[in-house]
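Undergrad: Just dropping this structure here.
Quick note: the coordinates plus some simple rules give every number you see, no bench work behind them. Because the structure is predicted, anything quoted here is derived from the model rather than measured. In this analysis, Cβ positions are derived from the backbone assuming ideal geometry, glycine residues included, and neighbour counts consider all displayed protein chains.
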Amino acid sequence: MNPVTAQLRPAIMALLVLTLITGVIYPLAITGIAQILLPTQANGSLIVAGSQIRGTTLIGQSFTNPAYFWGRPSATSPFPYNAAASAGSNYGPGSSALIDQAQRRMIALHAADPTNTQPIPVDLVTASGSGLDPHISPAAAIYQAERVARARKLDRAQIQALIEAHTEGRWLGIFGEPRVNVLTLNLALDALQ
Amino acid sequence: MTLPGILSIAVYLGIVFALVKPLGWYMARVYTGKSVGLERILGPLERLYYRILGIHPTAEQSWKSYAAAMLLVNLFGIVALYLLQRFQAILPLNPGSFAAPSPAAAFNVAVSFATNTNWQNYSGETTYSYLVQMIGFTSQNFISAAVGMSVFAALARGLGRQNSPTIGHFWVDLIRSVLYILLPLSIMLAILLVSQGVVQNLNPPVPAQLVEHISDNTGAMVTTQLLPMGPAASQIAIKQLGTNGGGFFNVNSAHPFENPTPLSNILQLLAILLIPAALCYTFGVLVGDPRQGWAILAAMTTIFVVLLAVTIGAEAHGNPRLAALGIDQSATLLQPGGNMEGKELRFGINESALWAVATTAASNGSVNSMHDSYTPIGGMIPLWLMQTGEVIFGGVGSGLYGMLIFVLVTVFIAGLMVGRTPEYLGKKIEGFEMKMASIAILVPAIITLGGAALALGVHAGGFQDSGPHGLSELLYAYASMGNNNGSAFAGFDADTPWHNIVGGLVMLFARYWVALPALAIAGSLAARKQVAEGPGTLPTHTPLFIILLIGVVLIVGALTFVPALMLGPIAEYLMLRS
């Protein structure tokens, strides 16, 4: 037999066997193990209130009301933080669309909080890679604290304490960035009243 | 760079290098047929596979027979994956009721996964059923990675033995790569990823009630958010370990369900470089001199660290256009600062840039940030790393066999300089080897630049941005497909018949016109006699040789691609500053 025809049967059989092992048994086994050992995480780390699913701790939601903390701009379509269609803006660093996006956000932030003259942290005017980023920086939360306190007629110190309770530090002090979970923070705000 | 940033990179590289020797030693045992400790569990499966295939694992193959086996398993894999996509609408496990992709798109994706490119011009959560993701993509992730590792093992054998008509047995290398290396590591990584929040289920998407009701871009009220689900963790584990890179969701490892925490991020980063780095040690063991492997790893690491510093510096510096608006881009204890467009807050500048460099150094192609939104210089480094042929770590197996081809060129050039016959590991390097090496280096370069030039010539389109950034998008697309990387400047719309078909052909050329010359070299060198080391032999484990090797990689890469880079990223850099 020439070398090609001699390999025909092994090629077809190898594809079938490897597909069965790695494409069927392996993912189903991992699914089984995950569902038994880690059901909460394996099913999306959902936030459940009563019988209602309010979201997940891992994916952000869109907020425009001044009484809520706002997350980062989101490039998903047809509405921001559409979890069914993750997307970044992919705007190049010199693109005018990028500048428009930042300016629109700056105008909205200033309109909701006209007396705030601090410089705006960059994460509040730039879209995340996923369009679903659940976090903002502690600086971005502090920037909004006064506005939220005023809108909710709450004490600024109370807001500050809530921000700190919803801030996660770097893992082992070095990996990742300090961050505030916007959705859980806003749910905690609603729970106050 | 910030202090936590420097520490995290030092710890990261420290863990990678600490694992190089144990894992490399283990993999060398896998490829020499020695016991690895998992036979009691997996041995029966291995033997059953040999029976089903009808092969004798001890009977070795010539390089031509080895190559035929490799090509056939990939050919059938491409056909099967194409058909699976085209029929997904009538097959089970399709909770989203997705229709079949177009023939051109299905061809592109089938080639992409079979060639270990895993370039994606689709968005996973809105295009493919769980069935296609599992038995199509997850299995091809394993197979394409194992194919690359097998070709590497064959080349290492060719260099290590003499007077041999054979270079090993493809079907043995393939199954042992899967059963004893990729599968155990994937199982461990998948479970760790689930513990961090990566989803793993077969449920349909879950609707969640929004806290604040909003309106979409037509003004209609939106009250729910549909959370995607699926068997993601099992696919993501092998996507990283096998340098595949194709994401379960559209935005790949930027997606919170694909990469939820700094810990899941660093685990995936480790998985990207782990096998390509450890294979260097495996190589040293297989040729009987571990120093040879360390020398190659040193050359790779030197280039990696320098380019990493450039990328982090560029991204941390931020965007001058946003600075002009008065936006605060400084890095402080309370914010990452820098160019945050397209980056996730939990990863910040440091671990986004680290990922961008690692994923393009290794031919992985997964992303945790959007490279299209990088600063000109920050985005140029990933582009250039792909253009140099994916040899700085590179794909599992494929990176090292690519780098070994650069080693042969270096030995050849050094031999010319002193007027001696070049030799490597006791083997004289002659005309045939140099012809094969030239093919393996020139073909990816020609299709990378030629593919982009052709697309411009026929106005194939796809650009999101105009000007130099648009050119960068196009260069990036063809560099990614032309070197089997798979990452993208994702604003570029490559889902057109032209880019799908030409891009598919580019991926095929890139994969096999490096793998086949590597196997030919393996066959030719295996048959040759080893000559004793003489006074004129250039030692290939010394700092001098490492510098020579770095020089050859950089000069070939620079001379070939700098003109195109001047018109893209460099021009964009100058425009942004003005």
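Undergrad: Identify, among B:His255, B:Ile546, B:Leu210, the residue whose Cα sits farthest towards the positive end of the charge dipole of chain B, taking +1 on the Cβ of Lys and Arg and -1 on the Cβ of Asp and Glu, with the dipole about the Cα centre.
TA: After comparing all options, I get B:Ile546.
Undergrad: Compute, for region B:1-78, the length of the dipole vector about the Cα centre, with Cβ point charges of +1 (Lys, Arg) and -1 (Asp, Glu) only. Units Debye, rounded to 20.
TA: Dipole of region B:1-78, to the nearest 20 debye: 140 debye.
Undergrad: Distance check, please: which entries in B:Lys21/B:Lys435; B:Lys64/B:Lys427; B:Lys21/B:Lys64; B:Lys64/B:Lys529 exceed 28 angstrom between their Cα atoms?
TA: Table pairs above 28 Å Cα-Cα are B:Lys21/B:Lys435; B:Lys21/B:Lys64.
Undergrad: Moving on. Given a cut-off of 12 Å, what percent of all Cα-Cα pairs of region B:99-146 lie beyond it?
TA: The answer is 61 percent, as a whole percent.
Undergrad: Tell me the net charge near A:Ala85. Cut-off is 12 Å between Cβ atoms, A:Ala85 excluded, with +1 for each Lys or Arg and -1 for each Asp or Glu.
TA: So the environment of A:Ala85 carries a net charge of -2.
Undergrad: A follow-up question, please. Quick one: what are the phi-derived ³J(HN,Hα) couplings along region B:551-566, Karplus 6.51/-1.76/1.60 with θ = phi - 60°, whole Hz, x for glycine and proline?
TA: x, 5, 4, 5, 5, 4, x, 5, 4, 6, 10, 4, x, 5, 5, 4
Undergrad: Could you sort the peptides B:285-292, B:318-325 by per-residue average Cβ neighbour count (10 Å cutoff), highest mean leading?
TA: So the order, starting with the most tightly packed, is B:285-292, B:318-325.
Undergrad: Could you tell me which residue out of B:Ala69, B:Gly399, A:Tyr91 lies farthest along the dipole of the protein assembly as shown toward its positive end? Charges go on the beta carbon: Lys and Arg +1, Asp and Glu -1, centred on the Cα centre.
TA: B:Ala69
Undergrad: Working out 0.36 nm times the residue gap between B:Ser466 and B:Arg577, then minus their Cα-Cα distance, what length gain in nm do you get to one decimal?
TA: The B:Ser466-B:Arg577 span can extend by a further 38.2 nm.
Undergrad: Let me check I've understood the local charge: for B:Asn368, count other residues with C-beta under 15 angstrom from its C-beta, Lys and Arg +1, Asp and Glu -1. What total comes out?
TA: It works out to a net charge of -4.
Undergrad: For B:Arg420 paired with B:Gln209, estimate the spin-label separation in nm (one decimal), with each label point 7 Å from Cα along the Cα-to-Cβ line.
TA: Between B:Arg420 and B:Gln209, the simple spin-label model gives 8.0 nm.
Undergrad: For the ranges B:142-148, B:35-41, what's the packing order if you count other beta-carbon atoms within 10 Å of each residue, average per peptide, and put the highest first?
TA: By packing density, highest mean first, the sequence is B:142-148, B:35-41.
Undergrad: Let me ask something else about it. Arrange the peptides A:177-189, B:534-546 so that the one whose residues have, on average, the most other Cβ atoms within 10 Å appears first.
TA: A:177-189, B:534-546
Undergrad: Residues with amide H under 5 Å of B:Asp328's amide H, sequence separation 5 or more or different chain, H placed in the peptide plane at 1.01 Å from N; which?
TA: Hits under the 5 Å cutoff: A:Ile120, A:Val122.
Undergrad: Here's another thing I want to ask about it. Projecting each Cα onto the charge dipole of region A:115-176 (Lys/Arg +1, Asp/Glu -1 at the beta carbon, about the Cα centre), which of A:His166, A:Gly176, A:Ser128 comes out farthest on the positive side?
TA: A:His166
Undergrad: Here is a further query. Hey, can you grab everything whose amide H is under 5 Å from the amide H of B:Val211? Only 5+ residues off in sequence or another chain; H modelled, so Pro and N-termini drop out.
TA: none
Undergrad: Any number yet on Rg/Rh for chain B, C-alpha, Kirkwood?
TA: 0.96
Undergrad: Within 10 Å of each Cβ in peptide A:50-58, how many partner chain Cβ atoms are there on average? Round it to a whole number, please.
TA: Mean shielding by partner chains, rounded to a whole number: 5.
Undergrad: With a ≥ b ≥ c the root eigenvalues of the C-alpha gyration tensor of region B:459-506, is it rounded (a/c under 1.5), prolate (a/b larger than b/c) or oblate?
TA: It comes out oblate by the Cα gyration axes.
Undergrad: In nanometres, what is the gap between the two model label sites at A:Thr5 and B:Ser97, each 7 Å from Cα along Cα-to-Cβ?
TA: Distance between label points: 4.9 nm.
Undergrad: Oh, and also: Which distance in Å, rounded to a whole number, links the C-alpha centroids of region A:115-176 and region B:122-183?
TA: Answer, in whole Å: 46.
Undergrad: For a label point 7 angstrom out from the Cα of B:Glu430 toward its Cβ, which stretches of region B:500-525 have the backbone nitrogen within less than 13 Å?
TA: Residues B:524-525 qualify, since their backbone N sits under 13 Å from the label point.
Undergrad: While we're here: For the protein assembly as shown, what is the percent of antiparallel DSSP beta bridges, rounded to the nearest 5?
TA: So the antiparallel bridges amount to about 95 percent of the total.
Undergrad: Taking a spot 7 Å from the Cα of B:Thr223 along the direction of its beta carbon, which residues of region A:40-61 have an amide N less than 19 Å from it?
TA: Residues A:48-56, A:61 qualify, since their backbone N sits under 19 Å from the label point.
Undergrad: Provide a whole-number value for the mean count of partner chain Cβ atoms within 10 Å of the Cβ atoms in peptide A:132-143.
TA: So the per-residue partner count for this stretch is 5.
Undergrad: Gap in Å between the Cα centre of region A:63-97 and the Cα centre of region B:308-341?
TA: 19
Undergrad: Can you sort B:Lys427, B:Lys239, B:Lys21, B:Lys435 so the residue with the fewest Cβ neighbours within 10 Å comes first?
TA: Least to most surrounded, the residues fall as B:Lys435, B:Lys21, B:Lys427, B:Lys239.
Undergrad: Where the only charges are on Cβ atoms (+1 Lys, Arg; -1 Asp, Glu), what is the dipole of the protein assembly as shown about its Cα centre, to the nearest 20 debye?
TA: It works out to roughly 1720 debye.
Undergrad: Another question about this same structure. Can you tell me the length gained on complete extension of the stretch B:Ser438 to B:Arg291, counting 0.36 nm per residue apart and subtracting the Cα distance?
TA: Extra length from B:Ser438 to B:Arg291 when fully extended: 50.3 nm.
Undergrad: Any idea how far the Cα center of region B:401-443 sits from the one of region B:503-558, in Å?
TA: 6
Undergrad: Where the only charges are on Cβ atoms (+1 Lys, Arg; -1 Asp, Glu), what is the dipole of chain B about its Cα centre, to the nearest 20 debye?
TA: Computed about the Cα centre, the dipole is about 1920 debye.
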